[in-house]
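The values are calculated or read from the model by the stated rules, or taken from the named source; none is laboratory data. Treat the numbers as computed from the prediction; the structure is a model and nothing was measured. Reconstructed Cβ throughout: ideal geometry from the backbone, glycine too, with neighbour counts over all protein chains shown.
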Amino acid sequence: MHTTTVLLAAFLTLQQAATTSAPPGQPAAADALSADSPRTTVAGNTFIAPAGWRVEVKGQMTLLTPPEGDSHIALIDLKASDADSAVKAAWATYRPDATWPLKVTNDFPDKDGWTKLRDYTYQTSPNEKRDVGVSTMRANDMWTVTIYDMAQAVGEKRGAQVALIFGRLFPRATSARRLPESRRRNWARATSRRSRHSSRPGVRSSVYRALPSV
């Protein structure tokens, strides 16, 4: 009888531990989305999160993770004095231990309500088979920094979904601006094809920047 009581108590303890929520700073994994879904960043900027991806909010960062789980797109809203400072703060939020050297930066003209557009492409080793790039943009007195940290195989497979995220990222004041659905589908297919021919985030970002305003 005593043994049965002890075993029952142990089982209940383990069951309670399994159902306890994650501690602060370590949120439980979000459920995968069943369909493409409108979402907003912490600052209220709008975007579309693709079906099958997970979306988590951690402080200033909105983190998107594809089904493969080894890659991420981070959307980080913050205050900073300039683009370089915003990028530094964004890395501290997303991955403080990142050491990829900066390869090149490119500036772009204002677009869709965003100003101060700049892309940062980082050098990764061939063995990593990974692409890493950062983009900065500014609206409503806030910087939004996007971090693309993705295995090349995942980037090629998810090219159209990545295009959906970046192509529909608008600042809060201009969130009503939308691409016609037919143009969005055509552009997503074109971007997906482009990503299969080039794994460089800077080139991919240039494709996003070239999308006509509506």
Next on the checklist: So, in region 87-110, exactly how many residues are under 16 Å from the mean Cα position of the chain (by Cα) and among the charged types (D, E, K, R)?
Outcome noted: 1
Checklist entry - Got a number for residues in region 106-153 being in contact (Cβ under 8 Å) with a residue 24 or more places away in the chain, among the polar types (S, T, N, Q) and surrounded by fewer than 21 Cβ atoms within 10 Å (Cβ to Cβ)? => result 5
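Residues are listed down the side, and each one gets a yes or a no for (1) farther than 23 Å from T41 by Cβ; (2) out of contact with any strand residue (DSSP E or B) (no Cβ under 8 Å at 6 or more places or on another chain):
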site: D97; (1), (2): yes, yes
site: W100; (1), (2): yes, no
site: K103; (1), (2): yes, no
site: D107; (1), (2): no, no
site: D112; (1), (2): no, no
site: M137; (1), (2): no, no
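Results for (1) outside any helix (DSSP H, G or I); (2) modelled with pLDDT under 95, shown as yes or no for each residue.
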| residue | (1), (2) |
| --- | --- |
| T5 | no, yes |
| A9 | no, yes |
| T13 | no, yes |
| A17 | no, yes |
| G25 | yes, yes |
| A29 | yes, yes |
| I48 | yes, no |
Next on the checklist: Every residue in region 74-105 that is touching a helix residue (DSSP H, G or I) at 6+ places or on another chain (Cβ under 6 Å) and surrounded by 15 or more Cβ atoms within 10 Å (Cβ to Cβ), please.
Outcome noted: A74, I76, L78, A80
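Residues of region 66-82 being farther than 11 Å from R158 by Cβ and in contact with a strand residue (DSSP E or B) (Cβ under 6 Å, 6 or more places away or on another chain), which ones?
We begin by selecting, within region 66-82, every residue farther than 11 Å from R158 by Cβ; these are 69-70, 72, 74-82.
Those that are farther than 11 Å from R158 by Cβ and in contact with a strand residue (DSSP E or B) (Cβ under 6 Å, 6 or more places away or on another chain): D70, H72, A74, L75, I76, D77, L78, A80.
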Next on the checklist: Can you list the strands (runs of 3 or more DSSP E) lying wholly within region 75-139 that have 2 or more residues being in contact with a Pro (Cβ under 8 Å, 6 or more places away or on another chain)?
Outcome noted: 115-122, 130-139
